[in-house]
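Below is one structure, written out as structure tokens; comments come after it.
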Amino acid sequence: MSAKSDDTDDLDLPAPEDAVSTGAAADSADPNERLKGLPRLLRYAMLLVDGASFIQERLVAEIDELCPQLPHAVAWATGGSLAAALVLADELDRRAAAQNEPALRSLADSVRLVSLPTPRNDEFFEVYRRVGKALVQAFNVSSQHVEEQLRCDLEQFTYGWAALPACTDLLPKKVPAAANAAQLGYRMAEHRIIAARAAIRRKFLEEEERRKRQESEDRAETVQQEPSAVAESTPDHHLVVVRLSDLDMKSQKLKDIIGPLKNAINIALPLVQTPALHDARNALLFEFPYAVDVIDFALADLVGRATVHLRPLLIVGEPGGGKSRFARRLGEVLGLHVWRTDASRSDGAVFGGTDRRWYSSEPCHPLLAIAHGKMANVLVLLDELEKAATRSDYGRLWDCLLGFLEAETNCRYPDPALQTNLDLSQVSYIATANRLDPLPSPIRDRFRIVTFPKPTAKDLDALLPAVIADLANERGVNRSWVPPLDGIEREAVARHWPGGSVRRLRRIVEAVLRERDIRASRN
């Protein structure tokens, strides 16, 4: 290694304006478009992180362009030892000083970067320090001229490398220094990233709450500006969903349509008030102990609300994990009437309602749900949303849903059968899907999306009480009459259910209980 002095902090660093000193040359030799224009040292750092092949061969080729047939390069290329690499780097430094060629200095630092192992104690401390200083200088020169994700990757590696000598006891020794640098750089910023995300989320929730309050105030002003006998008599926590005049009620065609809707027309329907959220959470955790994050995500929407209303929620997960059952039980635990729509069998005309001129005219599904549940804030469950028909003969379900999911339009939805505006602002929508791919972006934008996990074998003991209780309810008996599984029965279930589908677990437990009943009848 060439002799260096530690008296100055800027030793071994190129001038900031001298980009070529950190290897801006030979950019054309790099086939990776993402790294074009980067200084040489940073390019090799990213190639190491990306696991690129032939890194040493590429570096040797660049050295050969400036120093043809250099014996030290040949020795490193054939042997590949750390000693040979350090000798080659020192020779390149010597030539850089003798020939006033800064590109040779960047090649020397690149050789050290590619060759150095994870440090042990103070081993090669000065070598790591030199490369670290060169990385920082190169990053400062180029960080403002690259796209955001690459800038983050470069910062992570650069400062992770700089911290390597101080973290030798925390790093695996058999992992290359470059890999440890990338991992260490991530850990250095991990908590700041989490805190930033939490701050953004808090700000978003505050703005969302402010928007909701403003919308509620605007709706209240609108109702006050529209004189109506029904509106004047509307009590607190009630809502008039459908308003029809006496003339409309006398229409013979409309009489046939409004027959099933008499419980919802010109009547102030109650809004279910928000229950104690900790009780609702405990009830859901009993049945879905593996989905605590999803439960908290859904219930967080009700904090501070007097009545139950969930923003549109899309639950995505693999089949058999219990998504549909969770959505239904969420509504039931909150005291809502749940209206299930099978998306694979629905289209826009079915869900959104059909025009009054047709013989089979029907109002929209949310109004049918309100009339059936006799409450204004029902829960509409859209099951397997990604399987909705894509043909547009009668309108796609996906397109029809947009008007129901948007706060600006669902408070005055024009029902085609009744030909009047409905106030569906308090209806909650939860959809389930096995995957997001088929769903168009306008639908994704209007839903809050959460991933529903599948239980593992570790969740078996937590799941068994809820499964047995549910099977007892299906049999029409009190769950206290169905004792828990004994040790042998539990072992049999565990042997056949390694985790995954809750449906399969229910079938296995049902088979065990059936076998228990058969043995009991024989004895």
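The values are calculated or read from the model by the stated rules, or taken from the named source; none is laboratory data. No experiment lies behind these values; they were computed from the predicted model shown. Positions of Cβ are backbone-derived with ideal geometry, glycine not excepted, and every protein chain shown enters the neighbour counts. SASA here: full protein model, heavy atoms, side chains in, ligands and nucleic acids out. Shrake-Rupley method; radii C 1.70, N 1.55, O 1.52, S 1.80 Å.
Tallying residues that are open to solvent by 50 Å² or more (accessible area, probe 1.4 Å) and either in contact (Cβ under 8 Å) with a residue 60 or more places away in the chain or not hydroxyl-bearing (Ser, Thr, Tyr) (or both) within segment 437-469 yields 13.
Among residues of segment 262-289 that are in a loop (DSSP other than H, G, I, E, B), those with a Cβ under 8 angstrom from a residue that is among the small types (Gly, Ala, Ser) and open to solvent by 30 Å² or more (accessible area, probe 1.4 Å), sequence gap 6+ or separate chain, pair up as 272/335; 274/306; 275/335; 289/462. Within this structure, residue 50 passes the test of being under 40 Å from the mean Cα position of the chain (by Cα), open to solvent by 30 Å² or more (accessible area, probe 1.4 Å), of a type outside the set (Phe, Trp, Tyr) and over 21 Å from residue 133 (Cβ atoms). Sort out which residues of segment 347-366 are open to solvent by 10 Å² or more (accessible area, probe 1.4 Å) and more than 31 Å from the chain's Cα centre (by Cα), and write them in order of number. Matches in segment 347-366: 349, 350, 353, 354, 355, 356, 357, 358, 359, 360, 361, 362. Flag: residue 95 does not match the condition of being open to solvent by 10 Å² or more (accessible area, probe 1.4 Å), in a helix (DSSP H, G or I) and within 18 Å of residue 184 (Cβ to Cβ).
Take segment 116-139 and flag every residue that is assigned to a helix (DSSP H, G or I) and either in contact (Cβ under 8 Å) with a residue 60 or more places away in the chain or within 14 Å of residue 106 (Cα to Cα) (or both). Across segment 116-139, the qualifying residues are 126, 127, 130, 131, 132, 133, 134, 135, 136, 137, 138, 139.
Of all positions in segment 367-389, none carries a residue that is open to solvent by 70 Å² or more (accessible area, probe 1.4 Å), over 23 Å from residue 503 (Cα atoms) and modelled with pLDDT under 90. A single entry from 344, 324 fulfils the requirement of being out of contact with any strand residue (DSSP E or B) (no Cβ under 7 Å at 6 or more places or on another chain), open to solvent by 10 Å² or more (accessible area, probe 1.4 Å), at negative phi and hydroxyl-bearing (Ser, Thr, Tyr): 344. Looking for something hydroxyl-bearing (Ser, Thr, Tyr) and modelled with pLDDT under 80 - is there at least one such residue anywhere in segment 440-447? Checked segment 440-447: no residue is hydroxyl-bearing (Ser, Thr, Tyr) and modelled with pLDDT under 80.
Hey, does segment 281-296 have a residue that's hydrophobic (A, V, I, L, M, F, W, C), more than 23 Å from the chain's Cα centre (by Cα), surrounded by fewer than 20 Cβ atoms within 10 Å (Cβ to Cβ) and more than 28 Å from residue 387 (Cβ to Cβ)? Yes - at least one qualifying residue is present in segment 281-296. A search for C-beta distances below 8 Å between a residue of segment 489-506 that is in contact (Cβ under 8 Å) with a residue 60 or more places away in the chain and any residue that is of a type in the set (A, V, I, L, M) and open to solvent by less than 30 Å² (accessible area, probe 1.4 Å), counting only pairs 6+ apart in sequence or on different chains, returns 502/463; 502/467.
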